[in-house]
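Undergrad: Here it is, the structure, as structure tokens.
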Amino acid sequence: MADEYQPLIDREREPKSRIHEELTRPARERLAEITVSRNKDKRESSFKSTMKLVGRSPVVRCFSESRRLSFKNKNSHYEFLYKGDTLHVLTYIEQLYSSYGRNKFDSAQEIIDKKGPISKHNLFGDIRKVLITEGLLWEIEWANRGGVIQFRPLASEAMADIDAEIQKLGGEDRWKPALEPYNAAFERYLDGDFDELIPKKLYNSVEILLQTICVDLEEWTDNGDLSHSNYLQMLKDNGFYDANGITAPELDSLLGALEKFIAKLGNDRKQRHQYIDREYCTLLLHQVGAYLYFLINRYEKYD
């Protein structure tokens, strides 16, 4: 049976994902301001390079018909950043900096050795900050010979869908305690704090959810200090899983790996930055978010 109809105004009030594959308006405005400083000749050549790569129509259709098109004009830069398709805009930004010291280096590693990580570079670090704080599933990195920077996707749109669903579930009282650590981890992620607290909070979120189901809601045990394996076994013994659903061993494996990883970080705090980066945190949020959503959704059907 289809869900009950909701008017548009009510649907628009629903929580939306904090992460996006496509450039949002705030991200477009910030990127436009950061990159507009390139001189007019470089803007023109970058537009021409972009048109060779994506075609003329996707570029030209972004400009107002009321004025004569001039690629050197700053307004063209702003209009394209505001209206262009995400892939085309990011391609254009790559082209803007295609000669930015390119002849000095043969590889991305040479740039890293000379200039350090891209996050430390004033200009490109600012671009990366936009990607992080606006929740865009893109990363910027040094490119190999033939380019200076390049954008790389981090995850699929499924991650954004999962986060939107979890935010809806977070409005229900019985799930709030379990989802608070997940949301706290997500806020650290959006703040660019890629540290050991993210895996810890994600682990805690699943652990609290398992306790909520097994101890508080179903009262299969009154012991709230059991291991995650014990709670997963209770779910299995009580027919929580179906044949086509996710299996307890898969979740047990993920949580076990997280436990070991967290312990490793605790024993090697000086080197923890080598183990955690934005890409790893994205993967964790995606995986754990999917498990949280599955467990809650499965419980509601079970209940």
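The values are calculated or read from the model by the stated rules, or taken from the named source; none is laboratory data. In this text, all values refer to a predicted model and were calculated from it rather than measured experimentally. Because the Cβ atoms are built from the backbone with ideal geometry, glycine has one as well, and the counts that use them run over all protein chains shown.
Undergrad: Exactly one condition in (1) farther than 24 Å from Glu134 by Cβ; (2) of a type in the set (Phe, Trp, Tyr); (3) assigned to a helix (DSSP H, G or I) is false for Trp220; which is it?
TA: Single failed check for Trp220: (3).
Undergrad: Give segment 49-81 a look and list any residue that's more than 31 Å from the chain's Cα centre (by Cα) and closer than 20 Å to Tyr97 by Cα, or say none.
TA: Ser70, Phe71, Lys72, Asn73
Undergrad: Please specify each residue of segment 178-200 satisfying the condition of being touching a residue at least 60 places away in the same chain (Cβ under 8 Å) and either outside the structural domain of Lys264 (by TED's automatic domain parsing) or in a helix (DSSP H, G or I) (or both).
TA: Ala178, Leu179, Tyr182, Ala185, Phe186, Tyr189, Leu190, Ile198, Pro199, Lys200
Undergrad: Hey, among the residues in segment 50-94 that are of a type in the set (D, E, K, R) and either outside any loop (DSSP other than H, G, I, E, B) or on the phi > 0 side of the Ramachandran plot (or both), which one's surrounded by the most Cβ atoms within 10 Å (Cβ to Cβ)?
TA: That would be Glu94.
Undergrad: Next up: Just name the residue that is nearest to Leu123 (Cα to Cα) out of those in segment 29-44 that are free of Cβ contacts under 8 Å to residues at least 40 places away in the same chain and not in a loop (DSSP other than H, G, I, E, B).
TA: Glu33
Undergrad: Suppose we keep only residues that are part of a loop (DSSP other than H, G, I, E, B) and touching a residue at least 24 places away in the same chain (Cβ under 8 Å) within segment 117-145. Which one would you say is surrounded by the fewest Cβ atoms within 10 Å (Cβ to Cβ)?
TA: Once the filter is applied, the top-ranked residue is Arg145.
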